[in-house]
Amino acid sequence: MLKKFNQFFHQSVNQIDMSFTPFILVVNGKILQVMQANDDNIPDLLVLEQQVYSGRTPWSQFSFATELRKRNNSLYLVVYHASNLVAFIGARFSPEETHITNIAVSPLYQHQHIGHYLMEMMINSARDNGSDCVTLEVRTDNEIAQRLYRSLGFTGNFIRKNYYQDTHTDAINMVLWLSHIKLEKKKFAF
Ligand SMILES: CC(C)(COP(=O)(O)OP(=O)(O)OC[C@H]1O[C@@H](n2cnc3c(N)ncnc32)[C@H](O)[C@@H]1OP(=O)(O)O)[C@@H](O)C(=O)NCCC(=O)NCCS
């Protein structure tokens, strides 16, 4: 009886809040819309992947559809400039760990702190949901992404050999511990 009560209590305390209200973001004078992704966005997501991964789509139509359905513990956001998909980010939340599953910014919009902004949003959401840490995998040769993650406080954790099977590349698992860290809010003049 006590155990059952305990389980019930823990479930309610650790409830994950995946509610999201769309909003407008102004970046260098451009009005961008940040919204929760749905199946209608998948064709644009596949095009964005091709743009940033030299024609490849590491996530297929099926992978996106499967991930976007996990609305009870995952959050996928898309950023649009008019009808153009500018960026997206996804994360899976749990009390122990929030895992960033994917992030990409369209080449024309890169290096304008959009990636940093989206990562900060997910980190803050992880903190609000009581996660102990945020983790992610990044290709060992993806220096630009690693620089972004390190600028947010992520550190290398361990290597996953042959993680990306299409290219036979290793991944670094990176971690950001939240318990003792107060994320220093960078102020960008968008
Ligand atoms: C990684 C990625 C998401 C970064 O997005 P972004 O919006 O361009 O990143 P930001 O503008 O927020 O940059 C944050 C930091 O990343 C680094 N960075 C970003 N673009 C860079 C570039 N072209 N050259 C060097 N460093 C760069 C810088 O350290 C930068 O901080 P700074 O501007 O204060 O120096 C984007 O490059 C991308 O979509 N790449 C292809 C997909 C990918 O690799 N995804 C990650 C998979 S793990």
Query raised in the report: For segment 86-120, how many residues meet the condition of being in contact with a Ser or Thr (Cβ under 9 Å, 6 or more places away or on another chain), in a strand (DSSP E or B) and crowded, with 22+ Cβ neighbours inside 10 Å?
Result: 7
Query raised in the report: Among the residues of segment 30-80, how many are open to solvent by 50 Å² or more (accessible area, probe 1.4 Å) and more than 19 Å from THR167 (Cβ to Cβ)?
Result: 16
Requested in this report: Report yes if ILE123 is assigned to a helix (DSSP H, G or I), hydrophobic (A, V, I, L, M, F, W, C) and surrounded by fewer than 20 Cβ atoms within 10 Å (Cβ to Cβ), otherwise no.
Outcome: no
Report summary line: For segment 132-168, the count of residues that are outside any strand (DSSP E or B), more than 7 Å from the ligand (Cβ to nearest atom) and of a type in the set (Gly, Ala, Ser) equals 1
Query raised in the report: If we scan segment 110-130, do we find a residue that is more than 16 Å from the ligand (Cβ to nearest atom), of a type in the set (Lys, Arg) and without any contact (Cβ under 8 Å) to a residue 12 or more places away in the chain?
Result: no
Report task. Assess whether ILE172 counts as being open to solvent by 20 Å² or more (accessible area, probe 1.4 Å), of a type outside the set (Phe, Trp, Tyr) and at pLDDT 95 or above. Result -> yes
Requested in this report: Working carefully through the options LEU48, LEU85, find the one that is in contact with an Asp or Glu (Cβ under 8 Å, 6 or more places away or on another chain), at pLDDT 95 or above, more than 27 Å from CYS133 (Cβ to Cβ) and within 15 Å of the ligand (Cβ to nearest atom).
Outcome: LEU85
Query raised in the report: Does any residue in segment 80-107 that is farther than 24 Å from ARG56 by Cβ come within less than 8 Å, Cβ to Cβ, of a residue that is assigned to a strand (DSSP E or B) and aliphatic (A, V, I, L, M) six or more places away or on a different chain, and which pairs are these?
Result: PHE93/LEU75; GLU97/VAL134; THR98/ALA91; THR98/VAL134
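The values are calculated or read from the model by the stated rules, or taken from the named source; none is laboratory data. Quick caveat, the model's predicted, so the values are computed rather than measured. All Cβ positions, even for glycine, are placed from backbone atoms using ideal geometry, and neighbour counts span all protein chains on display. These area figures cover heavy atoms from the full protein model, side chains too; ligands, DNA and RNA do not enter into them. Shrake-Rupley method; radii C 1.70, N 1.55, O 1.52, S 1.80 Å.
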